[in-house]
Amino acid sequence: MALLAAGCSSAESQPDPTPSHKAMRVTHAQIKSASNSPKSLVPAGHWALVHRPKDRPIPAHTYLVRIVSVVKGASGDLKKVKLMGPDQPLSMKTAVPYYVAFQSAMVKGNPDNADGPGGNVAIDKGHDNKIGILQYASQFGDRCRPPTDDGASWDPKNSVSTTCQVVVTAPGAQYAPTMLQVGWTGHGPAAKLKVPTPKSTV
């Protein structure tokens with residue numbers, strides 16, 4: 001699995017989102033029914049529970065996480081993105097982006113020192129050097145469906161925050177992402193989320 005770090009020289013800094021509506025919140029029933037088995041592959045739209053243990057100076061936090069939808073881009077859509085690091089397995093001139101609407105909600109812990117549910121790692125069985133997550137890609141938030149809407153920034157208690165996880169793959173249907181791994185238990189990922197088949201393209 002190749003984890004890709006990226007920067008985009010043409011991207012402009014975006015202002016903090018201004019709330020136009022009350023943030024969506026998870027319910028007690030959703031928290032109670034969320035999958036808490038790291039071995040289960042959680043279907044799209046369903047919540048999984050991720051616990052992040054204390055890691056100085058960050059205290060313990062608990063989150064719900066899920067994938068809502070995926071939008072597939074075209075080969076070369078991200079050709080202006082420049083990857084950081086000398087050894088990169090994918091060429092952005094031909095890489096195919098998948099814009100994954102990823103949602104999380106902190107359900108236990110102090111929002112003032114929360115650090116998120118943990119890194120997300122894209123997995124495609126047998127092709128770990130042909131697929132990865134594009135880090136620092138907030139400028140692509142409007143390509144997700146729903147688009148990025150950081151509700152937690154103004155209403156943190158149990159509120160749902162949507163981020164756009166950009167998965168980049170080598171061309172070819174066999175490299176389409178099948179799963180995102182979230183968090184870490186010390187023995188493996190804290191949650192495995194199924195990536196649905198894209199419903200549309202940009």
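Below is a table of values for the structure above.
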{"quantity": "Long-range HN-HN contacts of Ser69 with modeled amide H, under 5 Å", "calculated": "Ala101"}
{"quantity": "Which listed pairs, of Lys93/Lys192; Lys130/Lys157; Lys108/Lys194; Lys79/Lys157; Lys54/Lys93; Lys54/Lys80, have C-alpha distances above 32 Å, in listed order", "calculated": "Lys130/Lys157; Lys79/Lys157; Lys54/Lys93; Lys54/Lys80"}
{"quantity": "Relative packing of 129-136, 171-178, which averages over residues the other C-beta atoms within 10 Å, highest first", "calculated": "129-136, 171-178"}
{"quantity": "Karplus 3J(HN,Hα) series, Hz, for region 67-77 with 6.51 cos²θ - 1.76 cosθ + 1.60 (x for Gly, Pro)", "calculated": "9, 9, 6, 9, 10, 8, x, 9, 4, x, 4"}
{"quantity": "Relative packing of 186-198, 90-102, which averages over residues the other C-beta atoms within 10 Å, highest first", "calculated": "90-102, 186-198"}
{"quantity": "Per-residue HN-Hα couplings for region 139-145 [Karplus 6.51, -1.76, 1.60; θ = phi - 60°; Hz; x = Gly/Pro]", "calculated": "5, 9, x, 7, 8, 7, 10"}
{"quantity": "Long-range HN-HN contacts of Val42 with modeled amide H, under 5 Å", "calculated": "Lys192, Leu193, Lys194"}
{"quantity": "In sequence order, calculated HN-Hα J values of region 175-188 (Karplus, 6.51, -1.76, 1.60; Hz; x Gly/Pro)", "calculated": "9, 4, x, 10, 7, 10, 9, 10, x, 8, 9, x, 10, x"}
{"quantity": "Other-chain or far-sequence residues with amide H under 5 Å of Ala114's (modelled H)", "calculated": "none"}
{"quantity": "For region 28-45 versus region 87-127, the gap between their alpha-carbon centres in whole angstrom", "calculated": "18 Å"}
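Read the figures in this text as sums done on the coordinates, not as results from a lab. Here the structure is a predicted model, which means the values were calculated and not measured. Here the Cβ is made from the backbone with ideal geometry for all residues, glycine too, and neighbour counts use every protein chain on show.
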